[in-house]
Amino acid sequence: MQAFTKLTGIAAPLPKANVDTDQIIPARFLKSISRLGFGKNLFANFRYKEDGSENPDFVLNQEPYRKAEVLIAFENFGCGSSREHAPWALLDFGIRCVIAPDFADIFHNNCFKNGVLPVRLPKEVCAQLMEDAKLGANARITVDLEREVVVRPNGEEVPFKIDPLRRHLMLNGLDDIGQTMQHAPAIDSFESRQKAAQPWLYA
């Protein structure tokens, strides 16, 4: 998993509440267990018309938001099904951070497991950040996980809090497998002792 320390990038405003995981990545695209390739269908029902052409009114089809690395939304982002494909699609598109007043629990957990940082900020602050984002490429937002602040284009710092363990894992790029592999020497030692004591189990 790619570590997340400090990100300065274009933020895309998505002034919607209750954005569910089927809107983030519709079920008809869940045909792969690979984490790659879902970005092109992120928000497909919003991004594309029935004939497959782009919807020019949707924010991610507009410049400079095609290169957005931060997404700003309203309440209950990521509700609906538990599909892990939702953060996969965000990450594959290039979005490393989602800022919203709150998140559905399973989506929130899945983000941390896949290197997408979910930041909770009050609704009025999210509204301010959306106004900042509307200024385009000259209004980049910084998300500093080490210091736990979001820096607005005007320099104002907005603090946020992340669970200390999750913060440590994100800063060091450790997913569940990465956490386990930190204990590889101890695991190997245990297996060696078990093999010596009960060799028939390893025959």
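The values are calculated or read from the model by the stated rules, or taken from the named source; none is laboratory data. None of the values given here were measured: they were computed from a predicted structure. Glycine also receives a Cβ, built like all others from the backbone with ideal geometry; neighbour counts cover every protein chain displayed. Just the protein is used for accessible areas: all its heavy atoms, side chains included, with ligands, DNA and RNA removed. Shrake-Rupley method; radii C 1.70, N 1.55, O 1.52, S 1.80 Å.
Among the listed pairs LYS16/LYS161; LYS67/LYS134; LYS16/LYS40; LYS31/LYS161; LYS113/LYS195, a Cα-Cα separation exceeding 25 Å is found for LYS31/LYS161; LYS113/LYS195. Please give the Cα centre distance for the stretch 1-76 versus the stretch 142-176, rounded to the nearest Å. First find each Cα centre; the distance between them is then 21 Å. For the residues LYS113, LYS49, LYS123, a GNM of the chain with alpha-carbon springs under 10 Å puts the largest fluctuation on LYS49.
For the chain, the mean residue ellipticity at 222 nm estimated from helices alone is -9000 deg cm²/dmol, where every DSSP H run of n ≥ 4 contributes -39500 (n - 2.57) and the total is divided by all residues, rounded to the nearest 500. Residue by residue, the stretch 62-69 carries 3J(HN,Hα) couplings of 10, 7, x, 6, 4, 10, 5, 10 Hz when phi is fed to the Karplus relation 6.51 cos²θ - 1.76 cosθ + 1.60 (θ = phi - 60°); x denotes Gly or Pro. Computed over protein heavy atoms with a 1.4 Å probe, the accessible surface of the chain works out to 52 Å² per residue. Here the contact order of the chain, divided by its residue count and restricted to Cα pairs under 8 Å and six or more residues apart, works out to 25 percent.
Here the 3J(HN,Hα) profile of the stretch 80-91, calculated from phi with Karplus coefficients 6.51, -1.76 and 1.60 at θ = phi - 60°, is x, 5, 8, 3, 6, 4, 4, x, 4, 5, 4, 5 Hz, Gly and Pro shown as x. Of ASP92, ASP51, ASP102, the residue with the greatest mean-square motion in the GNM of the chain, using alpha carbon springs below 10 Å, is ASP51. For the stretch 47-93, the Cα gyration tensor yields ellipsoid semi-axes of 21, 15, 12 Å (square root of five times each eigenvalue, largest first, whole Å). Charge dipole of the stretch 27-70 (Cα centre as origin; +1 on each Lys and Arg Cβ, -1 on each Asp and Glu Cβ, all else neutral): 300 debye, rounded to the nearest 20. If you take the square roots of the eigenvalues of the alpha-carbon gyration tensor of the stretch 134-178 and sort them as a ≥ b ≥ c, do you get rounded (a/c under 1.5), prolate (a/b over b/c) or oblate? Since a/c reaches 1.5 and a/b is larger than b/c, the shape of the stretch 134-178 is classed as prolate. For the chain, the fraction of C-alpha pairs more than 22 angstrom apart is 52%. Pairs of Cα atoms nearer than 8 Å and 6+ residues apart set the relative contact order; for the stretch 87-203 it is 18 percent. For the stretch 95-195, the residue among VAL150, PHE103, ASN114 whose Cα projects farthest onto the positive side of the dipole built from Cβ charges is ASN114.
Overall, the accessible surface of the stretch 45-134 at a probe of 1.4 angstrom is composed of carbon and sulfur to the extent of 47 percent.
Once C-alpha pairs closer than 8 Å and six or more residues apart are averaged by separation and normalised to the residue number of the stretch 87-137, the relative contact order reads 39 percent.
What does the C-alpha gyration tensor say about the overall shape of the stretch 1-100? Classify as rounded when a/c is under 1.5, otherwise prolate if a/b is larger than b/c, or oblate. Rounded.
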